[in-house]
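Bear in mind that the values in this text are calculations on the coordinates, not laboratory data. Predicted model only: the values in this text are computed from it and were never measured. Cβ coordinates were reconstructed from backbone atoms using ideal geometry, including for glycine residues, and neighbour counts include every protein chain displayed.
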Amino acid sequence: MKNLMNHSKIDMDTIFDLYNTLKRRHLDDASRQLVDELGRLLVPYIHTQQHLLRSLSHVLSVMLIDKNGTILYSDDYFSELANYENSEIEGKSFHEFLSSSADNDVFHHYWMEQEEVFDGELGFIGQEDVPFWMRTVIVPLLDEPSYIVFGMDITRQKQGEARQLEKAHSDYSRTVQSLVNLVFKVKRIEKGVFQYTLFEGKLAEDIGLTTDVVQGQTLEDLYGHSKAQFYQNKYERGFQGEVLSYKHNYNGRYFYTTLSPIHQGERVVEVIGSSIEITSYQEAEHRIQHMASHDPLTDLPNRNKLQEDLPVLMEKYDKVSLMFCNLDRFKYINDAMGYIAGDQVIKLMGERIESVIENGDRVYRLGGDEFIVCLLNDQSSEELTRQGHYILQKIVQPIHIMGKEIFMTARIGTARYPVDCSTADELINCANISMQYCKRNGRHNFLFYTPNMNEYHDYQISMEGNLREAISRNELCLHYQPKVNVETGFISGMEALVRWEHAEKGFISPGEFIPLAEETGLITQLDEWVLQEACRQNQQWIDAGYAPERVAVNVSANEIQQTDFAEKVKKVLDETGLDPKYLEIEVTENSVMQNTDQCIRTMQDLKALGVSLSIDDFGTGYSSLSYLRKFPIHYLKIDQAFIKGVDHDPSDSEIVKVMIQLADAFKLQVVAEGVENEEVLQFLRENHCSYYQGYYFSKPLPPEEMEQYLTKKQTYS
Ligand code: C2E
Ligand code: MG
Ligand code: MG
């Protein structure tokens with residue numbers, strides 16, 4: 001204690017010693033009185049102070065350290081806490097007893113700065129590294145280069161606090177870890193460089209990115225260069241103080257993340273992010289987008305998508321070609337075999353067209369039986385033609401559906417940008433026009449757009465209206481072409497062929513308006529009229545005394561497929577009074593192949609009526625003769641395309657020979673169409689073909705001219 005008092009600002013012992021000395025001296029009364037007075041004041045003060053210090057040492061530690069921190073005096077309070085003898089403490093550095101706890105940094109700072117008074121909580125290390133804590137007040141002593149240190153044990157309180165903190169921390173960790181979503185914290189190491197300090201939640205575990213995994217990693221380590229830049233940009237904005245939300249994906253999953261900056265004063269010290277998974281929403285959104293731009297049946301991009309894509313593609317590529325592909329007579333598949341079969345055919349056609357196209361090129365389904373092939377490569381006309389024909393070849397492969405084998409044909413019109421047009425709409429339109437134009441050349445062909453096709457297109461449109469009127473205005477008439485017996489040269493029946501005498505345009509070929517009538521449905525009316533007129537005319541000739549001949553009437557595919565067709569024929573026969581044996585129905589090979597069951601039923605009904613049946617244009621379709629045996633037919637008319645070649649093309653003559661032989665084996669009579677010269681007729685004779693038709697004998701003739709042959713026939717017989 002004396003030691004301590006020696007260092008106090010007022011050296012009380014010295015004053016006390018001075019007082020004792022004065023007391024023992026002989027003094028005058030006045031001085032004695034003064035000394036006694038001083039004694040009265042000093043004695044209780046000294047006692048109080050000594051008592052106070054003694055009492056203090058029970059609740060406080062009092063120490064003295066010099067300006068270097070060396071402990072000059074330490075009391076029992078501190079030595080008990082540190083579990084050292086006082087002598088082991090004094091002379092050592094105060095700093096040696098301090099622990100490395102973070103709070104002590106404040107003291108070290110104070111010590112360096114030598115500020116007025118230190119008041120803080122310091123951590124100490126005692127014997128065997130046992131830690132203890134003291135609330136510590138350090139007061140610099142006046143005039144003395146030393147400090148008085150008051151300390152109060154707060155170890156228990158500190159340990160309690162630490163326990164609380166630990167508990168709170170583990171509670172917090174448990175909470176964030178059990179969050180369904182994802183929470184993360186980002187700190188900025190430097191501009192543009194970020195690291196995660198927290199990455200928790202069930203979602204974090206689910207995607208395999210947790211605090212342990214992400215800590216110390218850069219964004220590039222975690223996401224790769226380009227993705228890292230995306231996140232870097234977002235976090236940078238967060239550190240600018242912006243609250244922002246964005247969508248992003250990671251490993252094929254989609255997330256929606258919101259970033260909130262955490263401020264300390266003006267500065268953003270960290271950014272907290274929370275993410276939820278939106279994969280299923282995103283997928284639904286993608287599905288909706290896909291549905292809007294794709295055809296559900298084929299899953300090919302649709303018209304909307306073409307209209308959206310085409311201007312972009314035309315901007316990007318110097319040359320773009322469009323092939324407009326339309327299936328021939330698809331309507332009949334739907335009508336005759338039903339929509340399910342129709343759908344299957346469309347799907348298959350889509351797949352076949354798609355299988356042909358090359359990298360980068362695209363196939364769209366415009367609807368119905370229309371497809372568009374968009375070619376982006378700079379291809380020559382020859383290459384495009386080759387590709388177009390390759391598509392046609394694919395389309396025509398046999399289709400097995402509902403236990404049947406059918407064949408589809410198609411027309412492909414091609415337009416090229418920038419050769420033919422300058423805008424996307426024009427390109428589609430030009431391709432469409434050239435496809436329409438293909439009809440002029442019959443089915444299953446490929447054409448490039450040329451400007452003169454526009455006129456044809458306009459003409460087609462006006463024709464439709466004209467045709468409707470033609471039927472009602474009786475502008476149609478029939479011509480008759482004799483059918484001749486090859487061996488005898490006598491006529492054996494005739495074919496009725498429709499003609500249209502247009503008031504302004506003159507004669508219009510059936511090759512032009514029959515396909516139009518089929519497309520518009522006018523064919524039903526037209527075929528009914530032809531049947532009625534042919535029967536009427538034939539009966540009229542019979543009534544007039546001509547030798548009866550059989551008249552052949554051409555019937556379109558959809559007519560023969562009507563369940564009531566045989567009934568209609570019977571009605572006409574009844575009305576006109578024509579004997580059924582003087583009527584023949586011609587059906588093309590392709591039309592009977594479309595709905596074979598119904599065709600067979602109708603044909604059987606017709607046969608039962610006594611009407612003859614023939615297959616027209618044989619060889620242009622893709623059916624085999626053995627397949628045609630199923631049909632109750634009498635005649636097979638070989639298409640003129642083969643007949644015309646028999647005198648100069650060895651392959652045509654071979655084909656025709658085989659056709660005649662096979663037909664003979666199946667007991668069918670063969671009619672050769674389009675005989676134009678003696679050589680062909682000679683060939684037919686040599687090969688035992690039964691009948692022929694052709695310009696060599698006669699062109700189709702108006703009724704009054706046909707009568708000459710009928711009369712002649714009478715003379716021959
Ligand atoms: P198709 O039934 O095969 O008729 C034969 C076609 O060949 C006729 O053409 C006829 O004029 C033509 N032809 C006959 N002999 C020769 C020849 O020696 N040389 C050449 N180059 N041609 C010859 P047309 O009258 O123009 O009829 C074309 C097609 O239109 C017919 O082919 C038929 O499929 C269809 N058609 C004609 N009339 C009708 C009809 O009343 N109803 C239906 N549904 N189709 C018809
Ligand atoms: Mg015919
Ligand atoms: Mg024919």
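Give the whole-number value, in cubic angstrom per residue, of the convex hull volume spanned by the C-alpha atoms of region 567-702. Each step should come with its number before you reach the end.
Values: hull volume 15.4 nm³, N = 136.
Given the Cα convex hull of region 567-702, per-residue volume reads 113 Å³.
Looking only at Cα atoms, what is the convex hull volume of the chain per residue, in Å³?
In the chain, the Cα hull volume divided by residue count equals 274 Å³.
Does region 468-709 classify as rounded, prolate or oblate by the C-alpha gyration tensor (a ≥ b ≥ c root eigenvalues; a/c under 1.5 gives rounded; else a/b over b/c gives prolate, otherwise oblate)?
Rounded.
How much mean residue ellipticity at 222 nm does the chain get from its helices, if each DSSP H run of length 4 or more adds -39500 (n - 2.57) and you divide by all residues, to the nearest 500 deg cm²/dmol? Walk me through the intermediate numbers first.
Details: 29 runs with 343 residues, N = 717.
Per the formula, -15000 deg cm²/dmol.
For helix 339-356, what angle does its Cα long axis make with the longest principal axis of the chain, in degrees from 0 to 90 and rounded to 10?
For helix 339-356, the angle is close to 70 degrees.
When the Cα centres of region 189-210 and region 283-348 are compared, how far apart do they sit, in Å?
Region 189-210 and region 283-348 have Cα centres separated by 45 Å.
Express the C-alpha Rg of region 294-449 as a ratio against the empirical globular expectation 2.2 N^0.38 Å, rounded to two decimals. Please list the in-between numbers first.
Numbers: Rg = 15.0 Å, N = 156, 2.2 N^0.38 = 15.0 Å.
Against the compact-globule rule of thumb, the ratio is 1.00.
Report the equivalent ellipsoid semi-axes for region 188-285 in whole Å, largest first, defined as the square roots of five times the eigenvalues of the gyration tensor built from alpha carbon atoms. Mind showing how you got there, number by number?
Numbers: eigenvalues 98, 50, 34 Å².
Here the semi-axes work out to 22, 16, 13 Å.
Give me Ile542, Ile433 ranked fewest to most by other Cβ atoms within 10 Å of their Cβ, as a rough exposure proxy.
Ile542, Ile433
From the residues Cys438, Ala665, Asn302, which one has its Cα farthest along the dipole of the chain in the positive direction, the dipole being from +1 and -1 charges on Cβ of Lys/Arg and Asp/Glu about the Cα centre?
It is Ala665.
Mean projection of the alpha-carbon convex hull of region 544-627 over all orientations, in nm²? Mind dumping the intermediate values first?
Numbers: hull surface 23.9 nm².
Orientation-averaged projected area of the Cα hull: 6.0 nm².
Which of Ser651, Ser61 comes first, and how do the rest follow, when ranked by fewest Cβ neighbours within 10 Å?
Fewest-to-most Cβ neighbours within 10 Å comes out as Ser651, Ser61.
Using all alpha carbons of region 504-580, what is the percent of pairwise distances in each 10 Å bin, ordered from the shortest bin to the longest?
17, 43, 29, 11, 0
Counting only DSSP beta bridges with both residues in the chain, tell me the antiparallel percent, nearest 5.
So the antiparallel bridges amount to about 80 percent of the total.
Taking a cut-off of 19 Å between Cα atoms, list the lysines near Lys571, but don't count ones fewer than 8 places away on the same chain.
Here the lysines satisfying the reach criterion relative to Lys571 are Lys581, Lys607.
Measure out, as a whole number of angstrom, how far apart the alpha-carbon centroids of region 243-278 and region 617-696 sit.
What the calculation gives is 80 Å, centre to centre.
Fewest Cβ neighbours within 10 Å first, please rank Leu531, Leu297, Leu662, Leu322 accordingly.
Ranking Leu531, Leu297, Leu662, Leu322 by Cβ neighbours within 10 Å, fewest first, gives Leu297, Leu662, Leu531, Leu322.
Too long at a 32 Å Cα-Cα cut-off: which of Lys67/Lys187; Lys319/Lys347; Lys505/Lys570? Intermediate results must be reported in sequence, preceding the final value.
Values: Lys67/Lys187 41 Å; Lys319/Lys347 29 Å; Lys505/Lys570 36 Å.
The answer is Lys67/Lys187; Lys505/Lys570.
In straight Cα distance, which lysines are under 23 Å from Lys657, not counting same-chain residues fewer than 8 positions off?
By straight Cα distance, Lys657 reaches Lys483, Lys630, Lys637, Lys644, Lys667.
Have a look at the DSSP beta bridges in region 468-709 and tell me what percent are antiparallel, nearest 5. The partial results should precede the final answer.
On the way: 14 of 36 bridges.
About 40 percent, rounded to the nearest 5.
What is region 468-709's relative contact order, in percent, from Cα pairs under 8 angstrom and six or more apart in sequence?
Value for region 468-709: 20 percent.
Which three extents, in whole angstrom, do the alpha-carbon atoms of region 16-170 cover along their principal axes, largest first?
Between the extreme Cα coordinates on each principal axis of region 16-170 lie 79, 29, 28 Å.
Compute the angle between helix 29-59 and the longest alpha-carbon principal axis of the chain, please, reported from 0 to 90 degrees and rounded to the nearest 10.
40
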